[in-house]
1. Kindly establish whether GLN54 is among the polar types (S, T, N, Q), modelled with pLDDT under 90 and out of contact with any helix residue (DSSP H, G or I) (no Cβ under 8 Å at 6 or more places or on another chain).
2. With respect to the numbered conditions (1) in a strand (DSSP E or B); (2) closer than 13 Å to VAL236 by Cβ; (3) not polar (S, T, N, Q), which one is the sole condition not fulfilled by PHE204?
3. Tell me which of these ALA231 doesn't satisfy, since it passes every other one: (1) touching a strand residue (DSSP E or B) at 6+ places or on another chain (Cβ under 7 Å); (2) closer than 23 Å to LEU165 by Cβ.
4. Which residues, counting only those in the range 153-191, are in a loop (DSSP other than H, G, I, E, B) and over 17 Å from ASP49 (Cα atoms)?
5. Please go through the range 67-97 and pick out each residue that is at pLDDT 90 or above and not in a helix (DSSP H, G or I).
6. Test ASP194 against the criterion of being under 19 Å from the mean Cα position of the chain (by Cα), closer than 26 Å to ASP49 by Cα and surrounded by fewer than 15 Cβ atoms within 10 Å (Cβ to Cβ), and give yes or no.
7. Given the condition of a type in the set (A, V, I, L, M), at pLDDT 90 or above and in a helix (DSSP H, G or I), answer yes or no: does some residue in the range 57-66 qualify?
Amino acid sequence: MQILSCLDSIIEGLFRSNSIVMAFRSILLIGGLFLSLSACAQSSPASADHAQLQQSVTELLPARKYSVAIMDGVVMDPRLKTLMVKFQQGIQRHPEVIQELQKAGGQGPLPYDKRLGLTQGEYSELLALMNKREMRSVSTGSADVSVTNEKGIIRFAAQGKLAILNDIWLDLPHNEVHAGSRTLPFIEAVNVTDAQNAFGSAWFGYKWELAEPKDLDISKYDMRDLSNLNASMYKVVVGKIATTGQTLVQIKGMEIKNGVRTVSYEIPLFFQ
């Protein structure tokens, strides 16, 4: 389940209340139906030697107190926002279209359909703007976070908005991350090779992720009634921003129970 975290973050800021909108956002979040992750950044998985990973993450998060920039704001091209609103309105009227087009189109961008709420020219423009990655992550504030390292167990101590970090810790000897009672296995090393992404910089990092169910079949669900949908996804990324040398820690949690989102957060952090 490689998920559209960039698109979901944008939609998170645009639409918050309508139940159909929430269902639409859930479909995007869990299905990966609209754009591949390459729309957010040109990244590629890389091998990660366990010993090298332990050393790298230890160097990225030495035990001390940090001032952390909370990078959960999003700015985008005004035209992109306009087209995304029209797209969202089309899906509100025809939620079944995502499922139908995904089946017909397979991986990658969906084939055009007028039910998407856009003209064919507007849809091409939307894809072009997404491919240009005309959106940026911006800081909405800062907070103090303390990091400890006890025999390779890295823990965080924070308050307020970032108190959720207190329930997340890295177990480097076993190469896994814990988010509360959940154990996130290591997935891959990530290498983003250019600056055309939400962070405006090349970066590399390591990703741990747990998705349940592992292989979700959207075709089994009625797009107008997701009351029998239950799914969850937790992800932690630790990396380094190339241009500034800052350490990136990105945490994400999502749970849908009986079609209703009960957990929803995604917080990129720059440790400095």
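1. Details: among the polar types (S, T, N, Q): yes; modelled with pLDDT under 90: no; out of contact with any helix residue (DSSP H, G or I) (no Cβ under 8 Å at 6 or more places or on another chain): yes.
Spelling it out, it is not the case that GLN54 is among the polar types (S, T, N, Q), modelled with pLDDT under 90 and out of contact with any helix residue (DSSP H, G or I) (no Cβ under 8 Å at 6 or more places or on another chain).
2. So PHE204 meets the others, but not (2).
3. All conditions are met except number (2).
4. Residues satisfying the conditions are ALA158, GLN159, GLY180, SER181.
5. SER67, VAL68, ALA69, ILE70, MET71 - these are the residues of the range 67-97 that are at pLDDT 90 or above and not in a helix (DSSP H, G or I).
6. Working: under 19 Å from the mean Cα position of the chain (by Cα): yes; closer than 26 Å to ASP49 by Cα: yes; surrounded by fewer than 15 Cβ atoms within 10 Å (Cβ to Cβ): yes.
When the stated conditions are applied, ASP194 passes them.
7. yes
The rows are residues; the columns are (1) buried (at least 16 other Cβ atoms within 10 Å of the Cβ); (2) within 30 Å of GLY90 (Cβ to Cβ).
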position	(1), (2)
GLY160	no, no
TRP203	yes, no
PRO213	no, yes
VAL238	yes, no
ARG261	no, yes
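The values are calculated or read from the model by the stated rules, or taken from the named source; none is laboratory data. None of these values were measured; they are calculated from a predicted model. Neighbour counts are summed over all protein chains in view; Cβ atoms, including those assigned to glycine, are modelled from backbone coordinates with ideal geometry.
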